């Protein structure tokens, strides 16, 4: 029985199939459903878990080389929130691009993790290293 690290078997299965340069989406609670993507729904209630919490659990054992976020994230959120997301990335470079460009990357991902995040534009696409 797993007792440390990620305990969710569906999430473990998804992340174990992500290979070099593949991408994975971590999305907020309102992110649209993408029927072509395997989705692991971790949302419990609004705000639980957050994108940074899920990212923290992932980066403990999963190597990430780059992160993409919508540029609108920086425009619509306080500096404190932006800095919290940056810290959660543990030094992995974040690339900001228009939201419309961000959405074009989504169908190329191996899968999507839905969280309870409520931060506007608080979605990330992670590229494995």
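The values are calculated or read from the model by the stated rules, or taken from the named source; none is laboratory data. These figures come from a predicted structure and were not determined experimentally. Neighbour counts run over all protein chains shown; Cβ positions are idealised from the backbone, glycine included.
Tabulated results
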quantity: Residue, nearest to the chain's Cα centre (by Cα), within the stretch 46-75, restricted to residues that are free of Cβ contacts under 8 Å to residues at least 60 places away in the same chain, surrounded by 14 or more Cβ atoms within 10 Å (Cβ to Cβ) and farther than 15 Å from residue 126 by Cα; calculated: 73
quantity: Filter pass, residue 50 being modelled with pLDDT of 95 or more and closer than 18 Å to residue 85 by Cα; calculated: yes
quantity: Count of the stretch 1-27 residues which are in a loop (DSSP other than H, G, I, E, B), closer than 24 Å to residue 129 by Cα and without any contact (Cβ under 8 Å) to a residue 12 or more places away in the chain; calculated: 2
quantity: Qualifying residue in the stretch 28-47 (condition: more than 27 Å from residue 2 (Cβ to Cβ), touching a strand residue (DSSP E or B) at 6+ places or on another chain (Cβ under 9 Å) and in a strand (DSSP E or B)); calculated: no
quantity: Residues within the stretch 48-74 that are in a helix (DSSP H, G or I) and under 15 Å from residue 102 (Cα atoms), tallied; calculated: 3
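The rows are residues; the columns are (1) closer than 25 Å to residue 15 by Cβ; (2) not in a loop (DSSP other than H, G, I, E, B).
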site: 83; (1), (2): no, yes
site: 87; (1), (2): yes, yes
site: 90; (1), (2): yes, no
site: 96; (1), (2): yes, yes
site: 116; (1), (2): yes, no
site: 119; (1), (2): yes, no
site: 127; (1), (2): yes, yes
